[in-house]
Amino acid sequence: MQDLPVTEGLSGTQSRQMVPLDLRTSDAGPRKIKRVDPRYLETDARDLRISDVDRLVRELRRVVEAMDALGGFEDS
C-alpha cells in the first residue's frame, strides 16, 4: 500500500493510505457482477451481426476477468 501525498486540504496526524477495493469488500461475501445481456445467451451464433462482435467480446472479457479475480477457474 502506498501513502497518499499530504496536501493543503488535509489536516490531522493520521497517515492517509490507499486501500484496494478488494481488501475492503472481501469480508462482505461473494462479489456480484452485472448480468450478461440475455440477448447474447439466447441468440444463435449464426444470427449475430458483425456489429455485435465487439460488444460480445467486451462482455466475455468482463465476465472472465471477474471470474478470474474471484478465483473461479481451475488451474490447468
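Here are a few things to note about the model shown:
- Pairs linking a residue in region 39-68 that is loosely packed, with under 13 Cβ neighbours inside 10 Å to a residue that is among the acidic types (Asp, Glu), with Cβ atoms under 9 Å and 6 or more positions apart or on different chains, are Arg39/Asp52.
- Residue satisfying all of: in region 28-60; hydroxyl-bearing (Ser, Thr, Tyr) and closer than 26 Å to Gly72 by Cα; modelled with the lowest pLDDT among these: Tyr40
The values are calculated or read from the model by the stated rules, or taken from the named source; none is laboratory data. Quantities reported herein were computed from a predicted structural model and do not represent experimental measurements. Every residue, glycine among them, receives a Cβ derived from its backbone with ideal geometry; neighbour counts consider all protein chains shown.
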